[in-house]
Amino acid sequence: AAPAQASGAPGARGGAGPPGGGARGERVYGNKCSACHQLTGEGLPGVFPPLKGSAVVTGADPTEHIRTVLHGLSGKAIGGVTYGSAMPAFADQLSDEEVAAVLSYERTSWGNQAKPVKPEEVVARRK
């Protein structure tokens, strides 16, 4: 039988290894997100918003977070700051599983303690 997939429960991480999004979430983040939001999740002041402590990233309802990654965002003030760079859309680049993994990684990294995102939640918000 195939091994069960890790649950990725918030707070269930040791010193090494990725949190809730698993290795896939960490990989997608490193390849698609870290150039702007940085490996620390702190972004670049005035250019790219932080994901660490972000109300969108840590919110109980992941809808806005999912839609932002799928469809992109520009011109919206985040935490009272309008950032000069647009967030690109990743709907055509990432599968539902990859989006769920990277969002779960972001929601459980850098001290963030939000619940992981399931692929089914991404499917429901893709259109």
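Things worth noting here:
- Our compactness index for the chain, the C-alpha radius of gyration over the empirical 2.2 N^0.38 Å, is 1.00.
- Measuring nothing but how far apart in sequence close Cα pairs (under 8 Å, 6+ apart) lie, relative to its length, the chain scores a relative contact order of 31 percent.
- Over the chain, accessible surface divided per residue gives 55 Å², non-protein components excluded, 1.4 Å probe.
- Sorting Ser74, Ser104 by accessible area puts them as Ser74, Ser104; the probe is 1.4 Å, largest comes first, and only protein heavy atoms count.
- Taking a straight Cα-Cα cut-off under 21 Å and skipping sequence neighbours fewer than 8 places away in the same chain, the lysines within cross-link reach of Lys115 are Lys52.
- Rounded to the nearest 20, the Cβ-based charge dipole of the chain about its Cα centre (Lys and Arg +1, Asp and Glu -1) stands at 60 debye.
- Highest-fluctuation residue, Lys52, Lys76, Lys115 considered, GNM on the chain with Cα pairs under 10 Å: Lys76
- Here the chain exposes an accessible surface that is 55 percent carbon and sulfur, computed with a 1.4 Å probe and the other protein chains kept in place.
- When the chain is treated as a GNM with alpha-carbon contacts under 10 Å, the residue of Gly84, Gly22, Gly43 showing the greatest mean-square fluctuation is Gly84.
The values are calculated or read from the model by the stated rules, or taken from the named source; none is laboratory data. Since the model is a prediction, treat every value here as computed from it, not as a measurement. Methodologically, a virtual Cβ is constructed for each residue, glycine included, from the backbone with ideal geometry; neighbour enumeration extends over all protein chains shown. For accessibility, only protein heavy atoms count, side chains too; no ligands or nucleic acids. Shrake-Rupley method; radii C 1.70, N 1.55, O 1.52, S 1.80 Å.
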